[in-house]
Amino acid sequence: MDGANLVDLLGRWASGRGPLYLLLTARLRALIDDGVLPPGHLLPPDRALAKLLAVGRGTVVAAYDLLQQEGRVLRRQGSGTRVAAAHLPATRDLDGVPANPLIQHMLHPPDGVQLLTCAAPDVPPPFMLEAYQEAAERLAARPHDLGYYPAGQPALREAVAAYYRARGLPTTADEIVVTTGAQQALSLLTALLVQPGDTVLTEAPTYPGALEVFRHAAAVVRGATQGLAGGLQARPALAYAVPTASNPAGAVLPVPERRALATLAAEHDVPIVDDEVCAELCFSGETPPPLAAFTSGEQVITIASLSKVVWGGLRVGWIRAAAPLAARLARLRAIHDLAGEAVSQLAAVALLRRLDEIRATRTAILRERHDHLVAELRERLPSWSFEPALGGQTIWVRLPHGDSDSFAQVALRHGVAIPPGRAFDPVGGHAEYTRLHFLFTPRELSRAVDGLAAAWNSHDGSRRSTSGHALIV
């Protein structure tokens, strides 16, 4: 594990109260006691970790010394600092836990920090209650139904198929597999189509959750900074695209480029996943055609969910694929969880019926908050650069200098959590970027920008310092 991964595991370590060295000690202690940092693990040198955390070296030295007094680490000159031997049960060896900073932020309980890390609506809308009431009525009319449908509730599969037909894409219910969110959809596709050592082609930057899935499959992930088209001729095992209201930039791929991408995937026989999770959140009010609309081949696979347009906790997603592939995916899903949760799927039927209304309400709110965030950033942080989003929930911001890893540590101490840009890049690039969401209310967004501006003034000022001494915080 390198220093950057350790920083991700530390999470919001500096957001509590008290001296920084004690906060750092407490978080390292928890990682050691939980087995995340196993016995014998070599911790980063004092200076290296201090630089990554944007603190003075004395903060790290004090934390390491305290852990040594507790018997949790061993410090020897010339050998560095290692986690001490401990009697931990084998079930607590968590060396394979993903260090993705976005996942780590979700695993940590709220602590008063404004989270600009997880982008999903956090308030269930009122119409969800009506949808669940309708679902309950559907259940009451179905006695003696076990509810096990590995491919999804038949009513929902047909509703999703009808949704695509309404968008001009002929689709039948046997081409739909319902999943527990789009993340499971991506996991199932990767398990079926990607073998260890295979190449997966993605955009750079792209959705970090997808990168974690591909890495977990032991794939070689390659990023394309100028679009996927140029990399398809190398015939990767899988390509992954977010052409509509992209994560993280909120961009929308023009129709001619969609057609070219779908055509190339068919020509080179490369399965390509079109992630449409945010497709219904375009500020124009129109949802562009999915990639599958531009080819008659079976290479284009579409995934989507209701978690962004309705509510993050509504874990209902789906895969649209050729019927033979859909059948294989359903069999694979049955191995993992037999079938999805029935009530939410039946509620999703009602929600899809009201999708036009839901979309209009949601995009109006997001557009207002997007414009507010853009105005606040331009006023308070004019040196930061970004392109306004065309849809979705996030913007992709470039810092004028330095890297977002170290700035994120400073931002935490000002009450705001932001993700480092490298989490969105398959090879850890884009370190000078960060992603900001605009899901908060305007007042909350203003407070977040206040914190970011204060943090940047502190961070930027420390860079201009002429002192040769490390800053002790």
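Of all residues in segment 166-211, count the ones that are assigned to a helix (DSSP H, G or I), touching a residue at least 24 places away in the same chain (Cβ under 8 Å) and open to solvent by 30 Å² or more (accessible area, probe 1.4 Å). Qualifying residue count for the region: 8. Evaluate segment 295-308: report whether one residue or more is in a helix (DSSP H, G or I), modelled with pLDDT of 95 or more and surrounded by 19 or more Cβ atoms within 10 Å (Cβ to Cβ). Within segment 295-308, none of the residues are in a helix (DSSP H, G or I), modelled with pLDDT of 95 or more and surrounded by 19 or more Cβ atoms within 10 Å (Cβ to Cβ).
Per-residue answers, yes or no, for (1) open to solvent by 10 Å² or more (accessible area, probe 1.4 Å); (2) at pLDDT 95 or above; (3) part of a loop (DSSP other than H, G, I, E, B):
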position	(1), (2), (3)
ARG378	yes, yes, no
PRO382	yes, yes, yes
HIS401	yes, no, yes
SER406	yes, no, no
VAL449	no, yes, no
ALA453	no, yes, no
GLY468	yes, no, yes
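Taking the criterion of being open to solvent by less than 30 Å² (accessible area, probe 1.4 Å) and without any contact (Cβ under 8 Å) to a residue 60 or more places away in the chain, the residues of segment 42-61 that qualify are LEU43, PRO44, ASP46, LEU49, VAL60. Taking segment 1-27 as the range and being touching a strand residue (DSSP E or B) at 6+ places or on another chain (Cβ under 6 Å) and either under 24 Å from GLY78 (Cβ atoms) or open to solvent by less than 10 Å² (accessible area, probe 1.4 Å) (or both) as the test, no residue passes.
So which of VAL427, VAL410, VAL416, VAL397 is open to solvent by 60 Å² or more (accessible area, probe 1.4 Å) and touching a residue at least 24 places away in the same chain (Cβ under 8 Å)? Testing whether each residue is open to solvent by 60 Å² or more (accessible area, probe 1.4 Å) and touching a residue at least 24 places away in the same chain (Cβ under 8 Å) leaves just VAL427.
When residues in segment 62-84 are screened for being without any contact (Cβ under 8 Å) to a residue 40 or more places away in the chain and either among the acidic types (Asp, Glu) or on the phi > 0 side of the Ramachandran plot (or both), 4 of them pass.
When segment 28-59 is filtered for residues that are among the β-branched types (Val, Ile, Thr) and touching a strand residue (DSSP E or B) at 6+ places or on another chain (Cβ under 9 Å), only ILE32 remains.
So, in segment 213-269, of the ones that are farther than 25 Å from LEU188 by Cβ and under 22 Å from the mean Cα position of the chain (by Cα), which residue ends up most open to solvent (accessible area, probe 1.4 Å)? Here the answer is GLN226.
Considering (1) without any contact (Cβ under 8 Å) to a residue 40 or more places away in the chain; (2) over 28 Å from ILE358 (Cβ atoms), the lone condition that LEU238 does not fulfil carries the number (1).
The values are calculated or read from the model by the stated rules, or taken from the named source; none is laboratory data. Please read all numbers here as calculations on a predicted model, not as lab measurements. Note: ideal-geometry Cβ built from the backbone for every residue, glycine included; neighbour counts use all protein chains shown. Heads up: the accessible areas ignore ligands, DNA and RNA and are worked out on the full protein's heavy atoms, side chains in. Shrake-Rupley method; radii C 1.70, N 1.55, O 1.52, S 1.80 Å.
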